[in-house]
Amino acid sequence: MDNFRLVKRYALALLNQARKSGEEKKVSGDLAALQTLVALSPDILEVFASPRLAKNDKDSFLEKITTGSMSELTADFLGLLIQKKRIGLLPEIVSAFTELLKASQGLKQAHVCTAVELEPDMRARVIDKLKKLSGWDLEVEFAVDPRLLGGIEARIGNQVVDSTVRTGLDSLRRRLSVVKVDI
């Protein structure tokens, strides 16, 4: 089984358990805290994945970082990932969980990239247009990439709307490269 399917399976299982126990927000908060912890100290995943560290030591360490700060469900889930030697997938599982939770709430993540920083009123217009095009309530993240030269690139899930100058020039270059000109 590839990692993508495995990550989705773990994320969905955790989301379903969180729903059953009414702890969706708590688990989501726990996972966000874990994501921050891993970003600050990436070695923590290696500690849990290490075959050199005894299971009792891993359990003790896990208990120290989760007791009082995380739900029992989150702690048990982390224990399962450690036991199944899947703790290295935690960052991807957190992302998948967040995406699934937002989708279940009618929200989708969108990424918008432009060549220059957009003014707030232009951002609002872009968000409105994307909402109308997609039919979703969107949480939009903006980025700037001067290599685009102009225009906008928007990603919503696996859909891409690309109306950048860079893409237009690349397309024109490809079409012109196949045209034969007789002189």
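The values are calculated or read from the model by the stated rules, or taken from the named source; none is laboratory data. As the structure is a computational prediction, the values presented were derived from the model and not from experiment. Here the Cβ positions follow ideal geometry from the backbone for every residue, glycine too, while neighbour counts run over all protein chains shown.
Looking only at helices (runs of 4 or more DSSP H) that lie completely in the stretch 38-96, which have at least 1 residues being over 22 Å from the mean Cα position of the chain (by Cα), crowded, with 17+ Cβ neighbours inside 10 Å and modelled with pLDDT under 90? Write out each step before concluding.
Working: elements: 43-49, 55-66, 72-83.
Ranges flagged: 43-49, 55-66.
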Here the residues within the stretch 17-31 that are over 19 Å from ARG86 (Cα atoms) and not hydroxyl-bearing (Ser, Thr, Tyr) are ALA18, ARG19, LYS20, GLY22, GLU23, GLU24, LYS25, LYS26, GLY29
Of the residues in the stretch 13-27, those that are surrounded by 16 or more Cβ atoms within 10 Å (Cβ to Cβ) and part of a loop (DSSP other than H, G, I, E, B) come to GLU23
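For every residue, the table says whether it meets (1) of a type outside the set (Ser, Thr, Tyr); (2) over 19 Å from ALA103 (Cα atoms).
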residue	(1), (2)
LEU14	yes, no
ARG19	yes, no
SER41	no, yes
ILE44	yes, yes
PHE48	yes, yes
PRO51	yes, yes
LYS58	yes, yes
GLU63	yes, yes
Any residue in the stretch 68-86 that's touching a residue at least 12 places away in the same chain (Cβ under 8 Å): show its pairings with residues that are outside any helix (DSSP H, G or I) and surrounded by 17 or more Cβ atoms within 10 Å (Cβ to Cβ) at Cβ separation under 7 Å, as long as the two are six or more apart or on different chains. SER71/GLU23; LEU73/GLU23
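Kindly indicate whether any position in the stretch 124-137 is under 30 Å from GLN17 (Cβ atoms), in contact with a strand residue (DSSP E or B) (Cβ under 6 Å, 6 or more places away or on another chain) and not small (Gly, Ala, Ser).
yes
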